[in-house]
Amino acid sequence: MSINRINVERILERIDQLAACSLGKRGVTRLSFTPESRCASRMVERWMREAGMEVRTDPLGNVIGRYPGRKPGAPAFLIGSHLDSVVEGGKFDGALGVVTGIEVVQTLREQGIRPDLPLEVVAFCDEEGARFHTTLLGSRAMAGTLDDADFDAMDADGITLAEAMRTYGLEPLRHREAVREPGTVAGYLELHIEQGPILERENQACGIVRGIAGASRCRFRVEGRAGHAGTVPMDLRQDALNGAAEIVLAVERVAGQMPSVVATVGQLQVFPGSSNVIPGRVEGTLDVRSLDDEQRHTALRRICEEAVRISRRRRLLFACRTVMETAATPCAPRLIRAVEEVMASYGLSALRIPSGAGHDALAMAALTEVGMVFIRCRDGISHHPDEDVSPDDIRLGAAVLLDAVLKLTMETASDGRGGKPLKEAGVRRTT
Ligand SMILES: [Zn+2]
């Protein structure tokens, strides 16, 4: 059983060591291209070498460890996640996928197993984009979807991404050298904490991600008329905030009627914003997500129709514009199947869950087939110092990742029959 071969103490120790690469002691703050991120990258490089990998850093600062396969010239199968964090985030977000990826290779090496395909563990830089508001930077670079303008992004101190990278010793203009040719990559599988409460509700340690939700981000405005809070009778008011309040509840109602859709009003600004003035204008944000792009568009249309109806009744004006839109990214059926079979072998049900959050797999889907394994996190808490994952869940998740990787990197995997997981024994040994 490969679950007994997973060294969970080593994983936990490494997670704690990475967590120490943090600015400040409350949770983990490891922003991109900082001394903290350098400290984490160096550690990861060392562990990769210890696990028997050849290590390189690409022009973006992604750390890549390669465990050669038996088949010459075969495309590499990639596993990994990100090393950066949000401000005062948790120690498992991203780090768990990198550390379990290294553990998979280290276990293979310790068991004397060499897969047919080369296996690469990638520690992506700048997934969260907390410093420059540039999400998925490392994975987009690898997939070839970055452009030069991305490097003009600025942090809170007015330092551009390009400047920060140069100070860090990287050359941003060489970002195209990080692009991988599709023919050299056989797939990407990422293990990540769920960052939500579904697995906990279903009482299961891990689940398979069906796909990453598409998202629409909108800004809306409700216009009314400001007035004196003491002199204008209630029936003569055009209170923009009262209208916005009703619109917010309509958002909740519309999304609540559509099982695949979630929608959030996360920001509201009230103008003029004075205790004795009737609100004349409200500006807000609307975030709508779904794995089903058509349902997302339908939800958005219904929300806008409702908002217009509410505004008319209240003699207000409503305007909404979409500022960002991404399509849903389904995970590859081949990878889903491989993970599902492995989970079944551990007695786990094939729980397929959508990912409402973006991950490196989202960017990597532009390059290759992607799959994700989610691990249950306590109370669904993430991006918070209280983020927690149980050692038993980590052990099982790492075993699932290991067996799935073996299925996908053995020669038979390429003809669709799938390789044998380690637990079935009889795997090829290194010579
Ligand atoms: Zn993450």
**Asked** Could you give the distance between the Cα centres of the stretch 166-226 and the stretch 101-138, to the whole Å?
**Response** 15
**Fill in**
Heads up, the chain by the C-alpha gyration tensor (a ≥ b ≥ c square roots of eigenvalues; a/c under 1.5 rounded, else a/b over b/c prolate, else oblate) looks prolate
**Fill in**
Carbon plus sulfur, as percent of the 1.4 Å-probe accessible area of the stretch 214-326, comes to 50
**Asked** Does the stretch 121-265 come out rounded, prolate or oblate, given a ≥ b ≥ c as the square roots of the eigenvalues of its C-alpha gyration tensor, rounded meaning a/c under 1.5 and, failing that, prolate meaning a/b above b/c?
**Response** oblate
**Message:** Once R0 is set to 60 Å, what does the formula 1/(1 + (r/R0)^6) return for the Cβ-Cβ distance between Arg70 and Leu268, expressed as a FRET efficiency to the nearest 0.05?
**Reply:** 0.55
**Item:** Sequence-distant residues sharing a close amide H with Gly80 (under 5 Å, placed H)
**Value:** Val122, Leu189, Leu191
**Message:** Give me a comma-separated list of calculated 3J(HN,Hα) values for the stretch 308-318, in order, Karplus coefficients 6.51, -1.76, 1.60 applied at θ = phi - 60°, integers in Hz, x for any Gly or Pro.
**Reply:** 5, 4, 4, 5, 4, 4, 9, 6, 10, 10, 10
**Request:** Using amide H atoms built 1.01 Å from N in the peptide plane, name the residues 5+ places from Met372, or on other chains, whose amide H lies under 5 Å from its own.
**Result:** Glu190, Val209
**Prompt:** Are there cysteines in the chain with no second cysteine's Cβ under 4.7 Å away, and if so, which?
**Reply:** Cys125, Cys206, Cys218, Cys304, Cys320, Cys331, Cys377
**Prompt:** Which residues' amide hydrogens lie under 5 Å from the amide hydrogen of Gly227, considering only partners 5 or more residues apart or on another chain, with H built in the peptide plane?
**Reply:** Ile278
**Asked** HN-Hα J couplings of the stretch 145-156 from phi, Karplus 6.51/-1.76/1.60, θ = phi - 60°, integer Hz, Gly and Pro as x?
**Response** 10, 8, 10, 3, 5, 4, 7, 7, 4, 10, 8, 5
**Request:** Kindly write out, for the stretch 37-49 in residue order, the coupling ³J(HN,Hα) from the Karplus curve 6.51 cos²θ - 1.76 cosθ + 1.60 (θ = phi - 60°), rounded to whole Hz, with x marking Gly and Pro.
**Result:** 5, 5, 4, 5, 4, 4, 4, 4, 4, 5, 5, 4, 5
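The values are calculated or read from the model by the stated rules, or taken from the named source; none is laboratory data. Computed from a predicted model, the values in this text were never measured in an experiment. Backbone-built Cβ (ideal geometry, glycine too); neighbour counts: all protein chains shown. Note: areas computed on protein heavy atoms with side chains; ligands, DNA, RNA excluded. Shrake-Rupley method; radii C 1.70, N 1.55, O 1.52, S 1.80 Å.
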